[in-house]
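The values are calculated or read from the model by the stated rules, or taken from the named source; none is laboratory data. Just so it is clear, the structure is predicted and the values come from calculations on it, not from any experiment. A quick note on method: Cβ atoms are made from the backbone with ideal geometry, for glycine too, and the neighbour counts reach across all protein chains shown. Just the protein is used for accessible areas: all its heavy atoms, side chains included, with ligands, DNA and RNA removed. Shrake-Rupley method; radii C 1.70, N 1.55, O 1.52, S 1.80 Å.
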Amino acid sequence: MFPTQSRCRQPHNPRSRNVRFPTNQDGKRTRSFPGLSSGLRLRVVWGSLSRQVPVYINPPPQRPASSHSHSLSSSTQHNDMPSAENTYGSKGLSLIVIGTNAGTSMDGVDMVRVHFTQEHPSAPLKMKLLNYGEEPMPQKLKKRVMKLIKDNATTPEEIAQVNMQLGENTGNAILTFAEREGFKLGTQGGKGEVDLIGGQGQTIWHLPLPELFEGDQERAHLDMAEIAVIAAQTGVTTLGNFRVGDMALGRQGCPLFAALDSLLLCHPTLNRAVQNIGGIANFSILPAGDVEGCYDFDTGPGNVFIDAAVRHFTNGELEYDRDGAMGAKGTVDQAIVDEMLATDYFTHDIPKTTGRETFGDTWGENICKRMLAKGASPEDCVATITRITAQSLVEHYKRYGPPGGVDEIYMGGGGSYNPNIVNYLREQLPNTRITMIDEIGIPAGAKEALGFALMTLEAFVGRPLIVPQRVENREPGIIGQIQPGKNYFGAMKRVVGFWGEFPEEEVKCTTRMEVIPNEKFVQ
């Protein structure tokens, strides 16, 4: 049903006029031209058009990888990268990106500042995490957005206002982040220590599976935090709308992190998974030895039901079950768990993704009311709701994991700190090593913001991401929309210099990435 191979190329543009090098008898491109010296520039003429194309016959040796960097996926690369012998006049790439993420839990905005470098288009991408932080969402704004989603009744006036307010909130969070971490943005004459900002706005509505809803529904997605506001506040070119871009290509717009997860953690001999437990839970499966063999999907609720129950029982004084303390005191009602896991979303085949429009506060509150009517305690309700999350994870690992099972799981997101979830996973998956993603120098709360930093870079540079397996449409495409900031010209000029005369038809997704450790985040 699903294709298993990916050329990971952009669709060919028939109007592209890239130089064609001679080929040998095997049909492979050759760069050996008798009598030509290293670095000679040839003038190529098409009618009235002409340009100079660099031809490197005997290029200098490639710089070895830094001794303090480590490659986490190069051993699993596909052998279809363009030859590194010819850099096509690339001046190299160096861009500093802030990635942001506003999760379904609405706890706040997670932010990372990342330095991406690449010696030329055929070289491995290098990434160094410079800073990580988070800013809570103001309670007034959080309550307004949660009510908007829960009631599913609003006006154009409110939608317009909330979009601007969420943009201002994200912009303010970034300004605070920069001040606290001691780096400059582009607010002074367009010059700063950040080249790009990109991320997800607050998801308002995510409807990837309309067949699970009543009425005449269509696939749709809306997340809001106006990128024009963020660019104006910071002076930095800002990108957004990655999810709706993916949905426009015929996929579901979520989770969108398989590419990053595979570049970080694909292993030559071990089947791995990267687990995120935010408001919604999702994981990426990374089959051994195949960086492009990854796939990801949402398993269902993560913390969203747990948080709703805790708010319900504490009248909003507590936002979540810290360290699983409340759930640990209760008794699980297994009949309720099994009933919930037999509903449509949990039994639906992959690909599948979801959000609050399916698993909102109302569902969690209704479970609590049913249990209380039978004499259960608030602690029993939280314990039962927590088990729904944990058991759904286990069932999806067993149903959709790779042959031979998952050898290692790397955890992230707020729910990864809940021992009632993690201990259940360890009990049910005894042959799987379960650890935090912090182990590789990525803070657990930073991973999704890091994913948006990578999406921002690739969109601005002009490359598609790895398209996961097991999706409806595997045609690669560039996702994301750009709002120029004061620094736009300078940043774009560097991208043009990076590509040089690289042939358009050879542009494809990144399949090799080296992580340069930052001592601040290495355990």
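Within region 272-431, count lysine pairs with alpha carbon atoms under 30 angstrom apart where the residues are 8 or more positions apart or belong to different chains.
For region 272-431, the number of qualifying lysine pairs is 5.
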Excluding ligands, DNA and RNA, the carbon-plus-sulfur percentage of the accessible area of region 272-431 with a 1.4 Å probe reads 48 percent
Computed over region 272-431, the relative contact order (Cα-Cα under 8 Å, seq sep at least six) in percent reads 33 percent
To the nearest Å², the heavy-atom accessible area per residue of region 272-431 with 1.4 Å probe amounts to 36 Å²
Filtered hits (aspartates and glutamates, Cα-Cα < 16 Å from Lys91, offset >= 8 within chain) -> Glu119, Glu501
Cα-based Rg then Dmax for region 451-514, in Å, read 13.2, 40
Sequence order, region 202-218: Karplus ³J(HN,Hα) from phi using 6.51 cos²θ - 1.76 cosθ + 1.60, θ = phi - 60°, Hz rounded, Gly and Pro as x, gives 6, 5, 9, 8, 10, 10, x, 10, x, 5, 8, 10, 6, x, 8, 9, 10
To the nearest 20 debye, region 372-523 has a Cα-centred charge dipole, built from +1 on Lys and Arg Cβ and -1 on Asp and Glu Cβ, of 200 debye
If amide H atoms are modeled at 1.01 Å from N in the peptide plane, then the residues at a separation of 5 or more from Val109, or on another chain, having amide H under 5 Å from its own are Glu135, Met137
Interchain or sequence-distant (5+) residues whose placed amide H lies within less than 5 Å of the amide H of Thr203 are Met224
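Out of the DSSP beta bridges found with both residues in region 272-431, what percent are antiparallel (nearest 5)?
70 percent
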So for region 355-400, using the alpha carbon gyration tensor with a ≥ b ≥ c as root eigenvalues (a/c under 1.5 gives rounded; past that, a/b versus b/c decides prolate or oblate), I'd call it oblate
If the chain between Asp151 and Leu341 were fully extended at 0.36 nm per residue, the gain over the current Cα-Cα distance would be 66.0 nm
Filtered hits (lysines, Cα-Cα < 29 Å from Lys520, offset >= 8 within chain) -> Lys126, Lys128, Lys184, Lys191, Lys447
Candidate cut points under trypsin sites (Lys or Arg not before Pro) in region 149-224, DSSP loop plus at most 14 other Cβ atoms within 10 Å of their own Cβ, are Lys184
For Lys140, counting only aspartates and glutamates whose alpha-carbon sits under 16 Å away and dropping same-chain residues fewer than eight positions off, the answer is Asp107, Glu158, Glu168, Glu317, Glu319
Note: Glu395 to Val522 extended length (0.36 nm per residue) minus current alpha-carbon separation gives 42.5 nm
With x for Gly and Pro, the residue-by-residue ³J(HN,Hα) of region 340-354, computed from phi through the Karplus equation 6.51 cos²θ - 1.76 cosθ + 1.60 at θ = phi - 60° and given in whole Hz, is 5, 6, 9, 7, 4, 5, 5, 8, 5, 6, 7, x, 7, 9, 7
Karplus-derived 3J(HN,Hα) from phi for region 502-517 (6.51 cos²θ - 1.76 cosθ + 1.60, θ = phi - 60°), whole Hz, x at Gly and Pro, runs 4, x, 4, 5, 8, 6, 8, 5, 6, 10, 9, 9, 9, 9, 8, x
Extension length gain for Asn315 and Lys374 (0.36 nm per residue less Cα distance), in nm, is 19.1 nm
